[in-house]
Amino acid sequence: MRDALRGWGGVTAMAVVCALVALVALCLPLTTDTTSAQNTTAATQTARTAAEEDCEAPEKQTLSPSSADGDTIRAIKNREGEKRKLIVGVDQNSYRWGYRNPNSGKTAELEGFDIDLVHRIAEDILGDPDAVQFKAIPTDQRIPAIKDGRVDMVVRTMTINCARIADVAFSAPYFKTGQQVLAPKSSPVEGYDDTLAGRRICTAAGSTAYSTLEADKKDGDLPASTDISTTVPNQLDCLVRLQLGEVDAVVTDGALAASQAAQDPTVQLKGDAFTAEYYGVAMKKDADDLVRRVNQILVDYRKDTANGWQASYDHWLSATLGKDAKKSEPPAPQYLRTTG
């Protein structure tokens, strides 16, 4: 080695060695940072996988809040010109949740409890509550729209459940509800019980209501003669089927059913809610930074008594669900624990 380094050839060789040493020294922090990030991502994925395999409380399987920008949020912020908007899948037919109010002017802008939350998220991320591109999507297209990248998120009365957390990531819950039966006031149906025997029930395709009915019928908890074959793309279509006499009852989230009963005084909720469910904001599985950001927004939204969750509930939902919001307010959020 000593002989090889003599003369100009040795100087050149020494320079190469020094350069390599310097390069290694410069790369060390980067390698350390990359390894740390990989460890954190791996830990998060491990926690997620374990949660999915042992799913008993899906509403608790979300990431801790953070206001930091990651790749997903930076990509949203880097959209140029008119495209610099948050793209959100919503409903446009659910009264007081996400609907076009014909009395709001010629534009009939989207309004409702879910829409308020979307504006709050857009304001936090992009600094403008109106920097939103709304995409009306049917119930059965919520998950495909997220997975295909057609939307950044879905805010559409979407229940967090074990089947869905295998496909998308959810925020912490922002609303508590449960499945209920909606039927004509004159109907002999009394609730989710034996009075549904021989009755035709409508649910939205891909909804929690349908999967619950399907499982209960298989397990014998729903009368075998109950017909659950009628499914529709949008949940509101069930109300139309009920009005036309094509079905005898509708099963859907009680919060939505109450809004439908407010639209049609000939129908009413029958019996109590027979499940406990939570709505969450749905996003792509790998959008960890966006999930954490939305969770931080939800923390702040619930604390904001003047223009936050409670104010939105009072404005949109108190007329149909009652002035006491406690039964609809989700519990304090719990988050996945990750190490790394």
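Structure note, pairs K217/K327; K147/K327; K270/K323; K135/K185: Cα-Cα distances above 26 angstrom occur for K217/K327; K147/K327; K135/K185. The order of W97, W316 by accessible area, most exposed first and with a 1.4 Å probe, is W316, W97. Given in Å, the Rg to one decimal and the Dmax to the nearest whole number for the Cα atoms of segment 95-236 are 17.8, 54. Under 5 Å between amide hydrogens, built in the peptide plane, is the criterion, and for T62 it picks out L336 among residues at least 5 positions away or on other chains. Amide H to amide H, with H built 1.01 Å from N, M158 comes under 5 Å of G280, counting only residues 5 or more places away or on other chains. Residue ranking by accessible heavy-atom surface, 1.4 Å probe, largest first, among E82, E109, E277 comes out as E82, E109, E277.
With one equal scatterer per alpha carbon and no solvent term, the Debye-computed log10 I(q)/I(0) for segment 130-190 at 0.14, 0.25 1/Å reads -0.55, -1.16. Multiplying the residue separation of R74 and N103 by 0.36 nm and subtracting their alpha-carbon distance yields 6.7 nm.
Measuring how big segment 282-340 is from its alpha-carbon positions, Rg and Dmax come out at 14.4, 47 Å. Volume per residue of the convex hull around the Cα atoms, evaluated for segment 189-254, comes out as 78 Å³.
The values are calculated or read from the model by the stated rules, or taken from the named source; none is laboratory data. These numbers come from a predicted model, not from an experiment. Each accessible area value is taken on the protein alone, full model and side chains, heavy atoms only, with ligands, DNA and RNA left out. Shrake-Rupley method; radii C 1.70, N 1.55, O 1.52, S 1.80 Å.
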